[in-house]
Amino acid sequence: MFSYRHSFHAGNHGDVLKHICQMMLINKLKDKDKGFEYIDTHSGAGIYNLQSQEALKTQEFKQGIDCLTPHAINNAEANQYLELVTAYQKFNQYPGSPEIAKSMVRAQDKLTLMEWHPQEVKNLKHNLNGRNISIHHRDGFEGLVAMTPPALKRGLVLIDPPYELESEYQQVYETICKVYKRWSTGIFAIWYPLISEREVDEGSFSSTNSKLGKSQNLITQLSQQPFKNLLNVELCVTSPSRSGGMYGSGIAIINAPWQFDINIGECLQDIMPLLAQDSGATFNVEWLIQS
Ligand code: SAM
């Protein structure tokens, strides 16, 4: 159950997409003085050591954040992200979503962080503390339902499960449906992987049973819900390959703020070529529901 550790993946291209979107969404919430709630359902450790055995084993950060930091990028959002991660890179670290949120929130805002892995909870508590931060050792799906609507009515929820278990795709969908009924004005950002499955025998591959099939199914299910708006953002750094692996990722955003689609499109236009592993790299920003 607890096989996933984000330290193997910290700073990869999935994190780059997720954390740029997270920062842009928090910026939008900060346009108003009124406080907001940031909720992380799957927080991880908060800060990662890029010289750890786990990070060095996969070296995923080399095809993520390391592709961006040597470059000057002419985009305000990308630069804000790079400025932040460069400060950690000096210490061979990468900031996870809770640390990024912590670095951006104001006195009137609140952070609620949930994590289920006992060791990651310890790490998170060690790495993050502060007046407005509460850390909960609990299931993020159950916790989110129990904690909504939050006292501060404005807010962002980041839902970022490991997707190690097939059931997690359905849990994301069911949790969102329950929570939206209680808090229809919250912003919900759901990250998901784009994974090409290894083809065992020619013809035996079934896309609906694959993780890619599960991600696509999740997006289809979400797009059939009565949300006011749903924006889908995908970034692929290479073409899907028969040898398997994560070729990209996406983030589905319910209640995406005004002009977020334009802003993220401009940002991805600038960073996609730097992350591209081959000519199959691409990105897509698409309204699945817009009213
Ligand atoms: N959001 C983090 C970031 O961007 O820095 C990374 C999170 S990582 C992808 C997923 C985390 O979810 C892991 O730390 C894992 O231990 C935790 N996890 C797995 N199942 C969980 C559950 N049911 N509730 C809360 N956390 C869970």
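The values are calculated or read from the model by the stated rules, or taken from the named source; none is laboratory data. This structure is a prediction, so every number in the text was calculated from the model and none was measured. In this analysis, Cβ positions are derived from the backbone assuming ideal geometry, glycine residues included, and neighbour counts consider all displayed protein chains. Protein only, heavy atoms only, side chains kept; ligands, DNA and RNA dropped before computing areas. Shrake-Rupley method; radii C 1.70, N 1.55, O 1.52, S 1.80 Å.
Could you check, for the stretch 58-66, whether at least one of its residues is within 14 Å of the ligand (Cβ to nearest atom) and farther than 24 Å from Val237 by Cβ? Among the residues of the stretch 58-66, not one is within 14 Å of the ligand (Cβ to nearest atom) and farther than 24 Å from Val237 by Cβ, which makes the answer no.
Of all residues in the stretch 56-72, those that are part of a loop (DSSP other than H, G, I, E, B) have Cβ atoms under 9 Å from Cβ atoms of residues that are of a type in the set (Phe, Trp, Tyr) and open to solvent by less than 50 Å² (accessible area, probe 1.4 Å), 6 or more apart or on another chain, in Gly64/Tyr94.
Within the stretch 88-117, the set of residues being within 16 Å of the ligand (Cβ to nearest atom) and without any contact (Cβ under 8 Å) to a residue 24 or more places away in the chain comprises just one member, Ser103.
The single condition among (1) of a type in the set (Asp, Glu); (2) more than 9 Å from the ligand (Cβ to nearest atom); (3) open to solvent by less than 40 Å² (accessible area, probe 1.4 Å) that Glu166 does not satisfy is (3).
For the stretch 147-163, filtering for residues that are within 20 Å of Ala45 (Cβ to Cβ), in contact with a Lys or Arg (Cβ under 7 Å, 6 or more places away or on another chain) and more than 11 Å from the ligand (Cβ to nearest atom) leaves 0.
When the residues of the stretch 123-146 are filtered to those that are touching a Lys or Arg at 6+ places or on another chain (Cβ under 8 Å) and in a loop (DSSP other than H, G, I, E, B), the one that is nearest to the ligand (Cβ to nearest atom) is Leu128.
Annotation note: Cβ proximity below 6 Å between a residue of the stretch 136-150 that is farther than 22 Å from Glu120 by Cα and a residue that is more than 9 Å from the ligand (Cβ to nearest atom) and open to solvent by 50 Å² or more (accessible area, probe 1.4 Å) (sequence gap 6+ or interchain) occurs for Thr148/Arg182; Pro149/Arg182.
Checking each residue in the stretch 49-106 for being over 27 Å from Arg131 (Cβ atoms), small (Gly, Ala, Ser) and surrounded by 17 or more Cβ atoms within 10 Å (Cβ to Cβ) picks out Ala55, Gly64, Ala78. If you go through the stretch 2-48 and pick out every residue that is touching a residue at least 40 places away in the same chain (Cβ under 8 Å) and either hydroxyl-bearing (Ser, Thr, Tyr) or open to solvent by 30 Å² or more (accessible area, probe 1.4 Å) (or both), you end up with 19. When Gln171 is tested against the conditions (1) modelled with pLDDT of 90 or more; (2) within 18 Å of His9 (Cβ to Cβ), the lone failure is (2).
For the stretch 169-179, a tally of residues being within 13 Å of the ligand (Cβ to nearest atom), open to solvent by 20 Å² or more (accessible area, probe 1.4 Å) and either outside any helix (DSSP H, G or I) or closer than 22 Å to Leu17 by Cα (or both) returns 0. Filtering the stretch 216-263 to residues that are at pLDDT 95 or above and touching a Phe, Trp or Tyr at 6+ places or on another chain (Cβ under 6 Å) leaves Leu218, Gln221, Leu231, Leu235, Cys236, Gly250, Ile251, Ile254.
Is it the case that some residue within the stretch 186-199 is open to solvent by 90 Å² or more (accessible area, probe 1.4 Å), modelled with pLDDT under 75 and more than 17 Å from the chain's Cα centre (by Cα)? Scanning the stretch 186-199, I find at least one residue that is open to solvent by 90 Å² or more (accessible area, probe 1.4 Å), modelled with pLDDT under 75 and more than 17 Å from the chain's Cα centre (by Cα), so the answer is yes. Restricting attention to the stretch 125-142, the residues being crowded, with 16+ Cβ neighbours inside 10 Å and closer than 22 Å to Gln108 by Cα number 7.
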